[in-house]
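As structure tokens, the structure follows; a few thoughts come after it.
The values are calculated or read from the model by the stated rules, or taken from the named source; none is laboratory data. Worth saying up front: this structure is predicted, and the values here are computed from it rather than measured. Here the Cβ is made from the backbone with ideal geometry for all residues, glycine too, and neighbour counts use every protein chain on show. What goes into the accessible areas is simple: the full protein's heavy atoms, side chains included, and nothing from ligands, DNA or RNA. Shrake-Rupley method; radii C 1.70, N 1.55, O 1.52, S 1.80 Å.
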Amino acid sequence: MSSRTLNIRASRAQRGAILVTSLLLLLVLTIIGLTAMRMTSLQERMAGSTRDLNLAFQGAEAALRDGETLIATRIARPETCALPPCDFWGEGALPDPATRGMPWWNANGLELEPDGDRTATTQDLPDLAQDPRFVIEALPVVTDTLTTGHEVPNVRDVYRVTARSSGGSGNALTTVQSTFTRRY
């Protein structure tokens, strides 16, 4: 038998093996590509959700600072009330704002107004679904000194400021709270 005959028989026996191997390799590459696309899509959604939550936190923080500024700029002790609309809620008159939904916040909360104009109703933070809101609740006063006697003790008024904001899509909600003291 010549070497030429052996080469012909060997090539006939291997026909189709390259085709099957290349198809399997193509299938594996397709699966890897689809998995990479799914992972990229998932990471993109996670990044969007993180950005939305970050926007909500920044909005709530801005509203919280706006509420604290409202307290700090008062010349005299503000009057408190128990029924809406209230700028300053009395002690115990405010239900737990952290557990309330957006309709309650829209009806009872003060809207963030960075310019201090409480009559404007324009949206000040266009990246958010709606402007953040805050409520201020008066808490019991705290004495400044430990002395007792005939002197009128110095007191500090204590307020709890609670702010809430939604993110850019409206799906993320963040509520933050601070305690603010002030002497009048």
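Structure above, values below:
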quantity: Residue match in segment 127-142 (condition: open to solvent by less than 80 Å² (accessible area, probe 1.4 Å), modelled with pLDDT under 80 and among the charged types (D, E, K, R)); calculated: no
quantity: Of all residues in segment 75-91 being surrounded by 11 or more Cβ atoms within 10 Å (Cβ to Cβ) and out of contact with any Phe, Trp or Tyr (no Cβ under 8 Å at 6 or more places or on another chain), the one that is farthest from Ser178 (Cα to Cα); calculated: Pro84
quantity: Any chance Thr40 is under 30 Å from Arg160 (Cα atoms), open to solvent by 40 Å² or more (accessible area, probe 1.4 Å) and either touching a Phe, Trp or Tyr at 6+ places or on another chain (Cβ under 6 Å) or among the hydroxyl-bearing types (Ser, Thr, Tyr) (or both); calculated: no
quantity: Single residue of segment 143-184 satisfying the filter (modelled with pLDDT under 80 and open to solvent by less than 70 Å² (accessible area, probe 1.4 Å)) that is nearest to Glu113 (Cα to Cα); calculated: Gly170
quantity: Number of positions in segment 60-74 that are among the hydrophobic types (A, V, I, L, M, F, W, C) and loosely packed, with under 15 Cβ neighbours inside 10 Å; calculated: 1
quantity: Residue ID - most open to solvent (accessible area, probe 1.4 Å), chosen from residues in segment 94-107 that are of a type outside the set (D, E, K, R) and closer than 18 Å to Ser178 by Cα; calculated: Thr99
